[in-house]
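Trainee: Structure below; questions to follow.
The values are calculated or read from the model by the stated rules, or taken from the named source; none is laboratory data. These numbers were taken from a predicted model, which means no experiment stands behind them. All Cβ positions, glycine included, derive from the backbone under ideal geometry; neighbour counts span all protein chains shown. Protein only, heavy atoms only, side chains kept; ligands, DNA and RNA dropped before computing areas. Shrake-Rupley method; radii C 1.70, N 1.55, O 1.52, S 1.80 Å.
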Amino acid sequence: NCMALNPGVLESELFGHEKGSFTGAVAMRRGRFEQASGGTLFLDEIGDMSLEAQAKVLRALQENKISRIGSDTDIQIDVRVIAATNKNLKEEIAKGRFREDLYHRLSVIIIEVPPLKDRPEDIDELVTYFLETICNEMGIAQKNITPEALQALKSYEWTGNIRELRNVVERLIILGSPTITAEEVSMYK
């Protein structure tokens with residue numbers, strides 16, 4: 001998640017570092033690009049990456065090589081990159097916050113996923129999946145949901161998209177009855 005890490009940590013996470021290259025670097029560490037070589041690397045929230053980190057990612061994608069922090073040795077990589085963002089990258093380019101050359105390098109195939117509020121028909125399957133997954137993670141008996149409760153969930157805007165829906169389902173599992181009702185949805189949403 002490119003947004004979750006500050007730029008220095010992100011660089012170490014993506015490209016790795018050599019022992020002693022900075023305080024706390026007690027051992028050599030392979031970065032995500034190197035670890036994913038021969039496979040796929042998913043960069044989430046790439047629209048929040050610093051311009052400096054974007055330049056380094058661009059170099060990795062253009063030249064198929066990286067160098068760890070604290071090293072001047074290039075390492076060949078062969079990585080397919082899938083990137084996601086909730087930002088409009090063309091707007092970010094216009095505002096000077098995203099590199100146009102990186103955008104073009106990444107945008108070989110663009111898959112636009114509409115926000116959850118525009119596809120309420122997906123909510124039934126997502127809620128069913130989250131009920132099963134979260135109950136299993138918590139080690140509790142499977143909970144059910146009434147059709148009216150599902151309809152209530154479909155009526156919300158879901159500004160936080162699927163993450164928000166998942167959190168609401170988790171809250172309903174924790175606080176709701178064995179069969180979640182529309183009344184509980186309105187109470188705990």
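Trainee: Only residues that are open to solvent by 80 Å² or more (accessible area, probe 1.4 Å) and without any contact (Cβ under 8 Å) to a residue 24 or more places away in the chain: list them for region 100-120, please.
Mentor: GLU100, HIS104, VAL108, ILE109, ILE110, ILE111, GLU112, VAL113, ASP118
Trainee: What are the residues in region 71-89 that are in contact with a Phe, Trp or Tyr (Cβ under 7 Å, 6 or more places away or on another chain) and surrounded by 15 or more Cβ atoms within 10 Å (Cβ to Cβ), if any?
Mentor: Residues satisfying the conditions are ILE77, VAL79, LEU89.
Trainee: While we're on this one: Restricting to region 174-189, and then to whatever is of a type outside the set (S, T, N, Q) and assigned to a helix (DSSP H, G or I), can you tell me which residue is modelled with the lowest pLDDT?
Mentor: Step by step, filter region 174-189, then rank; the result is TYR188.
Trainee: Picking from ARG163, ARG97, which residue would you name as being assigned to a helix (DSSP H, G or I), under 30 Å from ALA55 (Cβ atoms), open to solvent by 60 Å² or more (accessible area, probe 1.4 Å) and charged (D, E, K, R)?
Mentor: The match here is ARG163.
Trainee: What single numbered condition from (1) open to solvent by 40 Å² or more (accessible area, probe 1.4 Å); (2) closer than 30 Å to GLN62 by Cβ; (3) part of a helix (DSSP H, G or I); (4) in contact (Cβ under 8 Å) with a residue 12 or more places away in the chain fails to hold for ARG171?
Mentor: (2)
Trainee: Of the numbered conditions (1) open to solvent by 40 Å² or more (accessible area, probe 1.4 Å); (2) outside any loop (DSSP other than H, G, I, E, B); (3) within 21 Å of LEU43 (Cβ to Cβ), GLU92 satisfies every one except a single condition; which is it?
Mentor: Status for GLU92: all satisfied but (1).
Trainee: Taking the stated definitions as given, is GLU11 crowded, with 17+ Cβ neighbours inside 10 Å and touching a Lys or Arg at 6+ places or on another chain (Cβ under 7 Å)?
Mentor: Spelling it out, GLU11 is indeed crowded, with 17+ Cβ neighbours inside 10 Å and touching a Lys or Arg at 6+ places or on another chain (Cβ under 7 Å).
Trainee: Separate question: Report, by residue number, each residue of region 122-151 that is among the acidic types (Asp, Glu) and either under 18 Å from SER186 (Cα atoms) or loosely packed, with under 14 Cβ neighbours inside 10 Å (or both).
Mentor: Once the filter is applied, which keeps residues that are among the acidic types (Asp, Glu) and either under 18 Å from SER186 (Cα atoms) or loosely packed, with under 14 Cβ neighbours inside 10 Å (or both), region 122-151 yields ASP124, GLU125, GLU132, GLU137, GLU148.
Trainee: Check every one of the helices (runs of 4 or more DSSP H) wholly within region 1-86 and list those with 1 or more residues that are farther than 16 Å from LEU106 by Cβ and under 15 Å from the mean Cα position of the chain (by Cα).
Mentor: The helices (runs of 4 or more DSSP H) meeting that bar are 7-15.
Trainee: Pairs please, first residue from region 49-66 and closer than 15 Å to ALA83 by Cβ and open to solvent by less than 10 Å² (accessible area, probe 1.4 Å), second anywhere and of a type in the set (Val, Ile, Thr) and outside any helix (DSSP H, G or I), Cβ atoms under 6 Å, 6+ apart in sequence or on different chains.
Mentor: From residues that are closer than 15 Å to ALA83 by Cβ and open to solvent by less than 10 Å² (accessible area, probe 1.4 Å), the pairs are ALA60/ILE66.
Trainee: Oh, and also: State yes or no: is LEU41 in contact with a Gly (Cβ under 6 Å, 6 or more places away or on another chain), on the phi < 0 side of the Ramachandran plot and open to solvent by less than 30 Å² (accessible area, probe 1.4 Å)?
Mentor: Considered against the rule, which asks whether it is in contact with a Gly (Cβ under 6 Å, 6 or more places away or on another chain), on the phi < 0 side of the Ramachandran plot and open to solvent by less than 30 Å² (accessible area, probe 1.4 Å), LEU41 comes out as no.
Trainee: Of these, THR159, THR146, which one is modelled with pLDDT under 95 and not basic (Lys, Arg)?
Mentor: Going through THR159, THR146 in turn, just one is modelled with pLDDT under 95 and not basic (Lys, Arg): THR159.
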